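The next block holds one structure in the form of structure tokens; read it before the comments.
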Amino acid sequence: MTSPWIIVAGGFHQKGGMDKANLALAEYLLEQETPVHLIAHSVEPYLLNHPLVKVHLVSRPANSFLLGEFALAARANSLVRKIVRERPDARVVVNGGNCIFPGINWAHYVHHAWSGSRHGRLLYKAKDAISETWAKHSERAAFRKASLVIANSERTAREIVEYFGVDRSRVHVVYLGSDPEWGLVSAQERTAARRALQFDGTRPVAAFVGGLGYDHRKGFDVLFRAWQKLCARPDWDVDLVVAGSGPAMPAWRAAIAESGLSERIRLLGFSEKVKDLLAAVDVLVSPVRYEAYGLNVQEAICRGIPALVSASAGVAERYESSLTPMLLPDSEDVDDLVQRLLEWRLRKEEWHTRFQSLSRRLRARTWRDTAIDFVALVEEEFAAGPRNVTALAGNPAS
């Protein structure tokens, strides 16, 4: 009898990096005719009726993401132990601190590695403080209890060892994959995308893809200050488009208008058409303060678009030495960002060419490859004789 898998994740769909990764894992297991239990807030509709899938949906109380985290953790902790008591051979995969269980932990983010300053209304500050405290407590317990941790980058792996004292031999790195549909942009696709977005046919466009939160983790505040300096120059002809939403978006809209840059910075809000957006732009800029990986950067490069990103981001590990000038050594340094953008603009076509080698390498690794590597590590762990998860499952406090 094939051992079932239990995967605990926020979602199994195409709307976010972690969700894409967990969906890819589930799809590969189903391809191998492996039964799976999915414990999540949402899944792709076709999974609901798949004969090998048992979906356990967990609602978000009051449609709150914070309350949803608590609900998912509580439901998952109960369900996982119940299923494992019935099937002691089950492979249990949790994501970070969303379930504390001595199985496999897929690490996409380390909350201990980032504590942003809190801005905005008192309600947002309070929610952020509660969320951060809970997330740090949960991930500490989850990573320490995991028999195997699979990280999305070497950076994430190092932080799990550093912050939680996990033995490095228990931590492995599996890089994220790519979707074959997110390939190089054709001339026809670029023309159609720019027309749909109503971009000027001659002006270059830079993109920022990320949330606009009050913690400034994604670094839009740095990019905004850099854009103010750049647009004060008569020779700067590049416009900026921003795909992403968040509680700070109204404040940013007002700041852009007040600075007189409404014609140079365009806020799109949340978009499910990032693939089309990348077809229309010339460079992605991501001055993140913390990024465990950076799937938005990888997706841009897969489309053949150069990406300027903080050197501390996990995805920067994939950059070749010739691309080092496109890595920001200090995400707080506005003047350095300005200078690197000017240098990119001066040699725009050259940078496009120089990124093609990395683009080919990233496109060659698919989401299926990620799932294959993940499953291989898990099965190797079980073959070596993992800890007795049956006994632990019966004792939530163990």
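Each reported figure results from applying straightforward, stated rules to the coordinates on display, with no laboratory input. Given the structure is predicted, the values throughout are model-derived calculations rather than measurements. Backbone-built Cβ (ideal geometry, glycine too); neighbour counts: all protein chains shown.
Full extension of the chain between ILE130 and ASP330 gives 69.1 nm of extra length, using 0.36 nm per residue less the Cα-Cα distance. Under a 5 Å amide H cut-off, with hydrogens placed 1.01 Å from N, LEU328 pairs with VAL309, SER310, ALA311 among residues at least 5 apart or on other chains.
Helix-only arithmetic for the chain: the sum of -39500 (n - 2.57) across DSSP H runs with n ≥ 4, divided by the residue total, places the mean residue ellipticity at 222 nm at -13000 deg cm²/dmol.
For LYS273, the lysines whose Cα falls under 18 Å of its own Cα, not counting residues fewer than eight places away in the same chain, are LYS15, LYS20. Calculated from the structure, Cα extents along the principal axes in Å equals which of (i) 225, 50, 41; (ii) 69, 46, 39; (iii) 67, 53, 39? Read-out taken from this structure: (ii). Residue order for MET1, MET18, fewest other beta carbons within 10 angstrom first, comes to MET1, MET18. Our coupling estimate for the range 299-308, obtained by passing each phi through the Karplus curve with A = 6.51, B = -1.76, C = 1.60 and θ = phi - 60°, is 5, 4, 5, 4, 7, x, 9, x, 9, 9 Hz, Gly and Pro reported as x. Between ALA187 and GLU258, the contour length at 0.36 nm per residue exceeds the Cα-Cα span by 21.9 nm. Computed over neighbours whose Cβ is under 13 Å from that of ALA187, the net charge equals +2, Lys and Arg +1, Asp and Glu -1.
Neighbour counts of C-beta atoms inside 10 Å place ILE256, ILE265, ILE130, ILE301 in the sequence ILE130, ILE256, ILE265, ILE301, starting with the fewest. Three principal axis extents of the range 187-363 based on alpha-carbon atoms, in descending order, are 42, 36, 33 Å.
Tell me, rounded to the nearest percent, the portion of alpha carbon pairs in the range 5-101 spaced more than 24 Å apart.
Percentage above 24 Å: 14.
The relative contact order of the range 187-363 comes to 24 percent, based on Cα pairs under 8 Å that sit 6 or more residues apart. Structure remark: mean-square fluctuation, Gaussian network model of the chain, C-alpha springs under 10 Å; the largest value among PRO180, PRO88, PRO45 belongs to PRO45. Comparing SER78, SER131, SER322 in a Gaussian network model of the chain (Cα springs below 10 Å), the most mobile by mean-square fluctuation is SER322. Under a model in which nothing but the beta-carbon of Lys, Arg (+1) and Asp, Glu (-1) is charged, the chain shows a dipole of about 740 debye around its Cα centre.
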